[in-house]
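Here's the structure, in structure tokens; my notes come after.
The values are calculated or read from the model by the stated rules, or taken from the named source; none is laboratory data. Note that this is a predicted model, so its numbers are computed, not measured. Ideal geometry is used to build each Cβ from the backbone, glycine not excepted, and the neighbour counts take in all protein chains shown. To get the accessible areas, we keep the full protein, side chains included, count just its heavy atoms, and leave off ligands, DNA and RNA. Shrake-Rupley method; radii C 1.70, N 1.55, O 1.52, S 1.80 Å.
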Amino acid sequence: MVMEQLNTSLETAFGRYQLQRFPINKKESLRAWDAADEYVLQHLDENKLLTENVSLLIVNDSFGGLSVSLSKYKPIVMIDSYLSVQGIALNSQNNAIDEDDIKLCNSLDNPGDMVTDKYDVVIIKLPKSLAMLEDQLCRIRPALNNATKIIAAGMTKNIHMSTMALFEKIIGTTKTSLARKKSRLIFSQVDEDLAILESPYPTSYTLPYKLDDVDLEVSNHAAIFSQDKLDIGARFFIENLPVDETYKTIVDLGCGNGVLGVMAAIKNPTAKLLFTDESYMAVESAISNLASVFDDTREAEFLQTDCLQGVEDNSVSLILCNPPFHQNNAITDNVAWQMFSESKEKLAVKGELWVVANRHLAYHAKLKTIFGNCDVVASNNKFTLLKAVK
Ligand SMILES: C[S@@+](CC[C@H](N)C(=O)[O-])C[C@H]1O[C@@H](n2cnc3c(N)ncnc32)[C@H](O)[C@@H]1O
């Protein structure tokens, strides 16, 4: 079989750039940009929307498809993802772009604070969830006026009536373009008569568990996985969490709101906790959820990182993992593989990796390949809980 060579060269009216996804994977089969990036770049060029001193905001660029291509306009780029930040830095460097040409702000900043006036052009790559879109539209709205051109871009299958309704509610009149290569643009016009809405996030929900007879609540920023309720896989994991007084360090890998780590901390009162996630909002939610249970009495560390980068090798007793099945909007098991391989490096001898997974996913075989062993600790009709020991 002849493998088709992956195209890494994005060619548009704004130039030709070599772009890679992050982390770099030699067997990568996905491009670093998508048809929606190409569509929006073409629209900006055809309609001459970018002038020399334009004030430009880009929200949710994946790996530089937009920000690297438009770097000569010195965009402000708002991002939640650590992998995207690293990808944009790598691709800027590889295309000899000055790092000061792209200014980053994180997903909990207000992009209006980065400029003295309103933005002229705003490009939004649609995020995975409506909650995140709602939060982002509320955050950017004060930095727009009725002269701002607002263009969102996404794959047609991810654009619904509910997506359009959010733009109409928070920004103003909204319409879509024709579809091109399965992608579409959304054009929204600020209606200055609409009230400027505050983001409703973070929101919270009550867990089906108590501590000292008090209900436990978790707070969730907009980008959190299973933002409004406990994920059923996480619930199955919590019902079977390991307890062992020899655990010195417990890692909640891909922590989301930190619910697995917080519950493990309650059940293992002497262990030190470490929470990692690539999402800025996830790490901030985990910080606040651990603090709401323990104030600052519990020893813990929080890392916004790629999987377990930054954690010392051979140092961890137990890793808890409910692995993701996407990277940005692409479905992939690369991240799960990476999480399992890095777990092996970071665990001390006899350290344990516990993974919850949908039954249909072949994680048992993956863990056996990496660790040489894997047991099913518990299972029901939907999930299995697996344990591999170093
Ligand atoms: C299925 S969710 C699990 C969240 C939480 N542990 C739970 O059980 O509810 C997977 C988490 O992995 C995070 N994630 C995805 N890719 C990652 C990466 N490369 N490094 C660290 N975290 C990642 C996502 O942001 C998400 O919070």
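Accessible surface computed residue by residue for region 9-188, with neighbouring protein chains in place and a 1.4 Å probe, gives 45 Å² per residue. Extension gain, VAL54 to GLN93, is 11.7 nm, computed as 0.36 nm per intervening residue step minus the present C-alpha separation.
Here the Debye sum runs over all C-alpha atoms of region 203-389 as equal scatterers in vacuum, and log10 of I(q)/I(0) at q = 0.08, 0.13, 0.14, 0.15 Å⁻¹ comes out as -0.22, -0.61, -0.72, -0.84.
Among the chymotrypsin sites (Phe, Trp or Tyr not before Pro) in region 121-216, none is located in a DSSP loop while being surrounded by at most 16 other Cβ atoms within 10 Å of its own Cβ.
For region 122-164, the list of trypsin sites (Lys or Arg not before Pro) that fall in a loop by DSSP and count at most 10 other C-beta atoms within 10 angstrom is empty.
Stretching the chain fully between ASN334 and ASP191 yields a gain of 47.2 nm (0.36 nm per residue, less the alpha carbon separation).
Rounded, prolate or oblate: which fits region 9-188, taking a ≥ b ≥ c as square roots of the Cα gyration tensor eigenvalues, rounded meaning a/c under 1.5, else prolate when a/b beats b/c? Verdict is rounded for region 9-188.
Shape index of region 344-390: Rg/Rh, with Rg the Cα radius of gyration and Rh the Kirkwood radius from the inverse mean 1/r over Cα pairs, equals 0.98. Shape verdict for region 178-271, please, from the Cα gyration tensor: rounded (a/c under 1.5), prolate (a/b greater than b/c) or oblate. Note, shape of region 178-271 comes out prolate. Here is the list for region 305-390: chymotrypsin sites (Phe, Trp or Tyr not before Pro) lying in DSSP coil, each with at most 14 other C-beta atoms within 10 angstrom of its C-beta, are PHE325.
Averaging Cα coordinates gives a centre for region 82-115 and one for region 125-199; these two points are 22 Å apart.
For region 203-389, a simple Cβ point-charge model (Lys and Arg +1, Asp and Glu -1, everything else neutral) yields a dipole of about 760 debye relative to the Cα centre. Quick one: if the Förster radius is 22 Å, what FRET efficiency do GLU168 and LYS103 give, using the C-beta to C-beta distance and rounding to 0.05? Working from the Cβ atoms, E equals 0.15. Computed on the chain, with alpha-carbon pairs under 8 angstrom and 6+ residues apart, the relative contact order is 10 percent.
Peptides 220-232, 191-203 ordered by packing proxy, namely the average of other Cβ atoms within 10 Å per residue, highest first: 220-232, 191-203.
Taking the Cα centre of the chain as origin, work out the dipole magnitude from +1 charges on Lys and Arg Cβ and -1 charges on Asp and Glu Cβ, in debye rounded to 20.
The dipole of the chain has a size of about 1500 debye.
The stretch between ASP212 and GLU198, if pulled fully straight at 0.36 nm per residue, gains 1.6 nm over its current Cα-Cα span.
In terms of overall dimensions, the chain has a Cα radius of gyration and Dmax of 22.0, 65 angstrom.
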